[in-house]
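Working notes for the structure below.
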Amino acid sequence: MLTKLKKYATDWQGEELSIFVYMKIGTCTLCLQQKPLLVKSHIISGFLYREVLAHEDKTNKSVNTLTINSVEDKVDKLKQHTKVTDGNILCQNCDNVILSKYEDYAKGVIDKFVQEKLKPPLLTVGGNKYISIDNVDCKKLKLFVLSLLFRAHHSKSENFSEVNLNPEYLERIRLMLLSGDAGQENEFPIMLFYYYDAPENAIVQFRKVNTGSHDAYQLIAAQFGFTCVIGKDIPNMHTLDYPQNKVYLMYQKFK
């Protein structure tokens, strides 16, 4: 079933235009209500593409998608990439209000890192090097990463074919996003990375990796890595410090 919705835009002279858009009525994957679903919705946040485009290849004006088969493998495929969108996943409120607030917050954190060029001095813990960022709402940042994973799971794009959450974990993540409750630190813990030698104009779409005892999914964009470990009661990953409102980015080589 389709519904006709009236939207507004402005032309090049600033005049308001009325535009009618047909949207499918269906079940929103987040709120589970029957509503008009967005025809086009981003899977990976636009601001991450913006960071990549800031370092695009000035010769061919392209953004690259790197496909890696395993954690150890080097890049085995390089192709031109465009922003991935998908439809009939979320209603307007869930996309533009609920999930957008996590995205807006994460954008501010990344912007701070880029603008202030936070680099060494590095902290060394257990043989790993970290860059720290103070005054961060770790729970909002965690919910942002979970929102990307949630979108990727529901996407029909082959770019995210590796993302396949079991029903129990998917439902738990849905409730966390809907309520704004990020849960305990050891539930779906997040690991953040800064790959200092990664290509600045590339995105590695979500891929499944193994941390030893648990599966995880990782996304890399413009040298930033976002990893979510799947499960509960998982030991501290040392990258989000809830009580101190600090984020630690692991400072690592990409390959």
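The values are calculated or read from the model by the stated rules, or taken from the named source; none is laboratory data. The shown structure was predicted, so the numbers you read here are calculated from the model rather than taken from an experiment. As a convention, Cβ positions derive from the backbone with ideal geometry for all residues, glycine included, and neighbour counts pool all protein chains shown. Each accessible area value is taken on the protein alone, full model and side chains, heavy atoms only, with ligands, DNA and RNA left out. Shrake-Rupley method; radii C 1.70, N 1.55, O 1.52, S 1.80 Å.
When Phe144, Phe113 are checked against the criterion of being closer than 24 Å to Cys31 by Cα and either among the hydrophobic types (A, V, I, L, M, F, W, C) or more than 16 Å from the chain's Cα centre (by Cα) (or both), a single residue qualifies: Phe144. Could you check, for the stretch 228-245, whether at least one of its residues is closer than 17 Å to Lys140 by Cβ, among the β-branched types (Val, Ile, Thr) and crowded, with 18+ Cβ neighbours inside 10 Å? Within the stretch 228-245, one or more residues are closer than 17 Å to Lys140 by Cβ, among the β-branched types (Val, Ile, Thr) and crowded, with 18+ Cβ neighbours inside 10 Å. Counting residues in the stretch 208-221 that are part of a loop (DSSP other than H, G, I, E, B), touching a residue at least 40 places away in the same chain (Cβ under 8 Å), open to solvent by 10 Å² or more (accessible area, probe 1.4 Å) and over 16 Å from Ala182 (Cβ atoms) gives zero.
If we scan the stretch 188-198, do we find a residue that is touching a helix residue (DSSP H, G or I) at 6+ places or on another chain (Cβ under 9 Å) and over 26 Å from Leu123 (Cβ atoms)?
At the first step, the residues of the stretch 188-198 found to be touching a helix residue (DSSP H, G or I) at 6+ places or on another chain (Cβ under 9 Å) are 188-190, 192, 194.
Of the ones still in play, those that are also over 26 Å from Leu123 (Cβ atoms) are none.
Scanning the stretch 188-198 turns up no residue that is touching a helix residue (DSSP H, G or I) at 6+ places or on another chain (Cβ under 9 Å) and over 26 Å from Leu123 (Cβ atoms).
Residue count for the stretch 137-157 under the criterion of being open to solvent by 10 Å² or more (accessible area, probe 1.4 Å) and over 18 Å from Val97 (Cα atoms): the result is 6. Scanning the stretch 116-141 for residues that are over 13 Å from the mean Cα position of the chain (by Cα) and part of a helix (DSSP H, G or I), we see that the one that is modelled with the lowest pLDDT is Glu116.
Name the single residue, out of those in the stretch 195-204 being touching a His at 6+ places or on another chain (Cβ under 9 Å) and open to solvent by less than 10 Å² (accessible area, probe 1.4 Å), that is farthest from Arg151 (Cα to Cα). For the stretch 195-204, the residue satisfying everything is Ala202.
The residue list Ile203, Ile173 contains one member that is in contact (Cβ under 8 Å) with a residue 60 or more places away in the chain and not in a loop (DSSP other than H, G, I, E, B), which is Ile203. Checking Asn69 against (1) surrounded by 11 or more Cβ atoms within 10 Å (Cβ to Cβ); (2) within 26 Å of Lys208 (Cα to Cα); (3) within 19 Å of the chain's Cα centre (by Cα); (4) modelled with pLDDT under 95, only one condition comes out false. Which one? Of the numbered conditions (1) surrounded by 11 or more Cβ atoms within 10 Å (Cβ to Cβ); (2) within 26 Å of Lys208 (Cα to Cα); (3) within 19 Å of the chain's Cα centre (by Cα); (4) modelled with pLDDT under 95, the odd one out for Asn69 is (3).
Quick one: which residue in Glu162, Glu187, Glu168 is open to solvent by 30 Å² or more (accessible area, probe 1.4 Å), acidic (Asp, Glu) and over 22 Å from His42 (Cβ atoms)?
Residue meeting the stated conditions: Glu168.
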